[in-house]
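Worksheet: one structure, shown below.
The values are calculated or read from the model by the stated rules, or taken from the named source; none is laboratory data. Quantities reported herein were computed from a predicted structural model and do not represent experimental measurements. Here the Cβ positions follow ideal geometry from the backbone for every residue, glycine too, while neighbour counts run over all protein chains shown. For accessibility, only protein heavy atoms count, side chains too; no ligands or nucleic acids. Shrake-Rupley method; radii C 1.70, N 1.55, O 1.52, S 1.80 Å.
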Amino acid sequence: MNIVSNCPLCEQHSLHIIGQEEAQMLQCLNCGYVSTSKFIGTKEDNEEYKNLTEDMKRWSKEFNGRIWIPSMMTLPIGMLYPYDDEEGNMKWRFAEMVDIPKEEQENYSNGQGGFYETKYDVDNTKDYDEFFEGMLEINNRMKEEAENQNKPIDLKLPKLKKVD
Ligand SMILES: [Zn+2]
């Protein structure tokens, strides 16, 4: 079940309501704020809120009897996440998923005896004022990637997770 409603924060018709009751998630694809059933209540009495990082606490908003926090979108092609700019205003940053060169993989232990082959490239990020701008970029890249998968296989290409 996926209903689209008006977002109480940015007032755009882009609030996606996924699931029901205990497992409900409200995700706005315009402003990037999200709330779940666990975030019903106020900052004073909500247990889940207490577990948030200091940044997340600062960025969170109370609205309609819920706490709303900015999304961290982790996708096979990269990650879109909030950060503070120099003036202390929350903005959005995209870090692409990149291959770790073979000779560097030994520095990226996965904690299970193996090594990661990909990482989020946080040294080369792209910044956006608005969440939806970052999402546009992600959508375009995912489209490109899907198109590339239909081309003859180039063995040098990284193994791509299937994007639906
Ligand atoms: Zn919104």
I'd like the trypsin sites (Lys or Arg not before Pro) in the range 1-107 restricted to DSSP loop residues with at most 14 other Cβ atoms within 10 Å, sorted by number. 43
Over 32 Å between Cα atoms: which of 91/119; 57/102; 102/143 fall into that group? 57/102
Nearest 10 degrees, 0 to 90: helix 131-148 Cα axis against the chain principal axis: 30 degrees
In the range 53-124, the GluC sites (Glu not before Pro) that sit in a DSSP loop and have at most 15 other Cβ atoms within 10 Å of their own Cβ are 86, 87, 117
Specify the residue with the greatest mean-square fluctuation among 112, 27, 149, computed from a Gaussian network of the chain linking alpha-carbon atoms under 10 Å apart. 112
So what's the gap between the Cα centers of the range 56-128 and the range 1-43, to the nearest angstrom? 21 Å
Based on the Kirkwood radius over alpha-carbon pairs, what value in µm²/s does the Stokes-Einstein equation return for the translational diffusion coefficient of the range 9-164 at 4 °C and 1.567 mPa s? 73 µm²/s
In Hz, Karplus ³J(HN,Hα) per residue of the range 37-45 (6.51, -1.76, 1.60; θ = phi - 60°; x = Gly, Pro): 4, 5, 9, 6, x, 10, 4, 5, 10
Under Stokes-Einstein, the range 1-101 at 10 °C and 1.306 mPa s, with its Kirkwood radius over C-alpha pairs, diffuses with a coefficient in µm²/s of 108 µm²/s
Listed residue (14, 34, 146) projecting farthest to the positive dipole end of the chain, Cβ model: 146
To the nearest 10 square angstrom, what accessible area does residue 84 show with a 1.4 Å probe? 50 Å²
Helical mean residue ellipticity (222 nm; -39500 (n - 2.57) per DSSP H run of 4+; nearest 500) of the chain: -5000 deg cm²/dmol
Would you mind calculating the relative contact order of the range 11-164 from Cα pairs under 8 angstrom and at least 6 residues apart, reporting the percent as a whole number? 16 percent
Debye, to nearest 20: dipole size of the chain, +1 on Lys, Arg Cβ, -1 on Asp, Glu Cβ: 520 debye
Over all Cα pairs of the range 84-132, the Kirkwood radius sets Rh, and Rg/Rh then becomes 1.16
